[in-house]
Amino acid sequence: MADRTQNEIEEIKAIILAHQTWLTRRGGRRADLSFRDLSNLNLDRVNLNGAKLAGTNLVGARLVRADLSQADLFGADMEGANLTASTLIGADLRGANLHRAILTDANLRGADFRAGSLMNGTGDKPRSDGVTRLTEAKMERSILAGANFTGCDLSGADLNDADLTGADMTAAVLVGADFWGATLDGVTFDGTTIDEATLDRNYLPASLPENAIVKPAYKPMPSGAFLEAVAEHERWVNSQGAEGRHLDLDLVSVIGADLTGRVLAAARLRRCRLMGVRLRKASLEMADLSYTEMIGADLTEACLNGTNLRRAGLSRAVLARADARPARLSGDRSWPANFDGANLTGADLRDARMEDAVLRSAKLGGAKLDGTGIMVTVDTAPPPPPVPEERRAQKRYAQPCLVVQTDRGAHSSRNWSIGGVSFYAPDDLFEEGETIEGRLSITGRDDVTATATARMVVVHKGVGKGQVSVRFHQYGDDLKQLLKTAFLEHQKLEG
C-alpha cells in the first residue's frame, strides 16, 4: 500500500462524504476518484453508487457489501480486491483488471465487461491491451444476469451456482473456468473459447449453434525454439534477472521436447499444451503451469516446490518421487504446490512428496498413490444444480412511474428496480416463466425521449391483485440509459 499522508486520507473521506450528500440530491458532489490510489484501503459498505472511478487503483482493497451500482470503473485495477456481497448493478467495468478478485455473492446484473483501453498521458497509446480480466476471480453464487462479457478473459474463474441468465459470452475465454450449477438460460455463446477439460467438467446446453464454442487457438512452437527459450530462462535464473529472459508463454503448443534436468523455476507456461514433454528431474519450483495440458508427461523426480498446476491436465502423467512440498519463502513463509482441480486420472504418483499440497477438487481416479499419504474418498456425483429462482436484491422505487408497452397493451408500473419492474395487468394476460418483449418509457417527462426495448421474464403473478413482476433478461445501452434517467428523476422527486 502506498504511504498516504493524513491530508490525503482526509481528502478521500471528504470526497466520499460529499458523494453521500449528492446521492440525496441535497447538495454535495458526485465522487470523482479517477486514477486515485485506493489500494488496500478498507472501504467496506461504502456507497459509491454512480461514482467516477476510471483508472482507479483498488488493488487489494476491501469493498465488502459496498454499493458500486452504475459506477464508472473503466480501466480500474481491482486485482485481489474483496468485493464479497457487493452491488455493482450496471457498473462499467470495461478494461478493468479483476484478476483473483473476490466477487462471491455479488450482484453484477447488467455489468459491462467488454474491452476498453485507457490512454496514456499523451492520449496516443493505450495503457494495456484493453481486455477485461476476471482470471481466477471467485464469483460463486454471484448474480450476472444480463452482463456483457464480450471478449472478456475468464480463465480459471469460479462461477459455480452463479446466475448468468441472458449474459453475453461472445468471444469470451473460459479456459479452466468452473461453472457447475450456474444458471445458463439465454446465455449467448458465440466464438466462446472453452477447452475440452472445462467442457468435460461443466454442463452446457445440449443444442448450441455452430461455432458457438471454439477450442483454444494454440500457437505451435518448434522444439528447437522452445529449448532456446529455456536456455535463456536458465541464464535469467542464474543471473537473478541480470541476463537472459524470463520464460513467459501463453497458449503455446510444444510437442516432444526433452527438458530432463533443466531449470524452469518461476517460469510461466499458462494455458499451454506440452504434449510428450520429458521433465525428469527438472526444476519447476514456483513455476506457473496452470490450465496447461501435459497428458502423459514424465515428471519423475521433478522439483515441484510451490508449483502452480491448478486445473492442469496431468492424466497418465508420471510424477513418481516428485517433490511437491511447499516452497520456502523469505520470512520463513511457505508456498504450497497447487493441484486444485487438476486432472490426475491414471497418473503415477508413487512415493511423491505431497505434504501440504493443495488437492482440492483434483481428479485422482485410477492414480497410483502408494507412498504419498494421499487418502482418496469415493467419488460421488455432484449435486444437481439448484432450481433457478429470482434473487433480486435491488431497492425498488415507486416514482417516477414507468410504462411497459407490450403487444398486450400498455401497463403502468407499481414499482421498479435496476433488475426489473412490477406493473399492473389482468391476471390472464401473462404466465409465469414466459419471456416477453416490451418497450419502457418514463411518464411525466416529455423531455425524456429515451425508450428501451427489453426482453423480460415473468417471475411472479399476484393472482387476484392484477400485478405482474418481470426481470430484465437482457440489458442494452438504451435500457441502461433509461434506468439511469429514471433513477436520477427519483432522486429529484425525493429531494
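The values are calculated or read from the model by the stated rules, or taken from the named source; none is laboratory data. Just so it is clear, the model here is predicted, and its values are computed rather than measured. In this analysis, Cβ positions are derived from the backbone assuming ideal geometry, glycine residues included, and neighbour counts consider all displayed protein chains. These accessible areas exclude ligands, DNA and RNA; they are computed on the full protein's heavy atoms, side chains included. Shrake-Rupley method; radii C 1.70, N 1.55, O 1.52, S 1.80 Å.
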## Note on the structure
On the formula 1/(1 + (r/R0)^6), with r taken between the Cβ atoms of E434 and S239 and R0 of 51 Å, the FRET efficiency rounded to 0.05 is 0.15
### Message
What FRET efficiency comes out for D407 versus L488 if R0 is 35 angstrom and r is the Cβ-Cβ distance? Round to the nearest 0.05.
### Response
0.70
#### Entry: Simple label model, 7 Å out from Cα along Cβ direction - R4 to Q481, nm
3.6 nm
## Note on the structure
Scalar couplings 3J(HN,Hα) for segment 316-332 by Karplus 6.51 cos²θ - 1.76 cosθ + 1.60 (θ = phi - 60°), nearest whole Hz, x for Gly and Pro, are 6, 6, 10, 10, 4, 6, 5, 9, 10, 6, x, 7, 8, 9, 4, x, 6
### Message
Using alpha carbons only, how many angstrom separate the centre of segment 139-170 from the centre of segment 1-60?
### Response
27 Å
### Message
Modelling each spin label as a point 7 Å along the Cα-to-Cβ direction, I'd like the Q399/I374 distance in nm, to one decimal.
### Response
6.5 nm
### Task
Under a cut-off of 24 Å between alpha-carbon atoms, report the lysines in cross-link reach of K480, not counting same-chain residues fewer than 8 places apart.
K52, K395, K492
### Query
Given H placed 1.01 Å from N in the peptide plane, which residues other than close sequence neighbours of Q467 have an amide H under 5 Å from its amide H?
A425, G462
#### Entry: Amide H within-cut-off set for R45, under 5 Å, with H built and near neighbours excluded
V64, R65, A66
### Query
For the chain, with every protein chain kept in place, what is the accessible area per residue (1.4 Å probe, Å²)?
46 Å²
### Message
Tell me the relative contact order for the chain as a rounded percent, counting alpha carbon contacts under 8 Å between residues six or more apart.
### Response
6 percent
#### Entry: Extension reserve of the K13-S334 stretch, reckoned as 0.36 nm per residue once the Cα distance is removed
111.8 nm
### Query
Within the chain, what percent of beta bridges assigned by DSSP are antiparallel, to the nearest 5?
40 percent
### Message
With 27 Å as the cut-off, how large is the P(r) tail for segment 114-259, expressed as percent of Cα-Cα pairs?
### Response
41 percent
### Summary
Scalar couplings 3J(HN,Hα) for segment 231-247 by Karplus 6.51 cos²θ - 1.76 cosθ + 1.60 (θ = phi - 60°), nearest whole Hz, x for Gly and Pro, are 4, 5, 5, 4, 4, 4, 5, 5, 9, 6, x, 6, 10, x, 8, 5, 7
### Query
Considering the alpha-carbon set of segment 1-132 alone, what are its Rg and its Dmax in angstrom?
14.2, 41
### Query
Residues in segment 187-212 near a label at D129, defined as backbone nitrogen under 16 Å from the 7 Å Cα→Cβ point?
193-194
### Summary
Mean Cβ-within-10 Å packing, highest first, puts peptides 302-313, 188-199 in the order 302-313, 188-199
### Message
I'd like the carbon and sulfur percentage of the solvent accessible area for the chain, probe radius 1.4 Å, heavy atoms only, ligands and nucleic acids excluded.
### Response
49 percent
### Task
Sort segment 301-342 into rounded, prolate or oblate with this rule: let a ≥ b ≥ c be the square roots of the eigenvalues of the Cα gyration tensor; rounded if a/c is under 1.5, and if a/c is not under 1.5, prolate when a/b is larger than b/c, oblate otherwise.
oblate
### Task
May I ask you to list the lysines whose Cα is less than 21 Å away from that of K368, ignoring any residue fewer than eight positions away on the same chain?
K281
#### Entry: Whole-Hz couplings from phi, Karplus 6.51/-1.76/1.60, listed for segment 368-373; x for Gly and Pro
8, 10, 4, x, 9, x
### Message
As a test of the formula, what do you get for the chain when each DSSP H run with n ≥ 4 contributes -39,500 (n - 2.57) and the sum is divided by the residue count, at 222 nm and rounded to the nearest 500 deg cm²/dmol?
### Response
-4000 deg cm²/dmol
### Message
Can you tell me how segment 320-368 classifies by the Cα gyration tensor, rounded, prolate or oblate, using a/c under 1.5 as the rounded cut?
### Response
oblate
### Query
For labels at L199 and S223 in the simple 7 Å Cα→Cβ model, what's the distance in nm?
2.9 nm
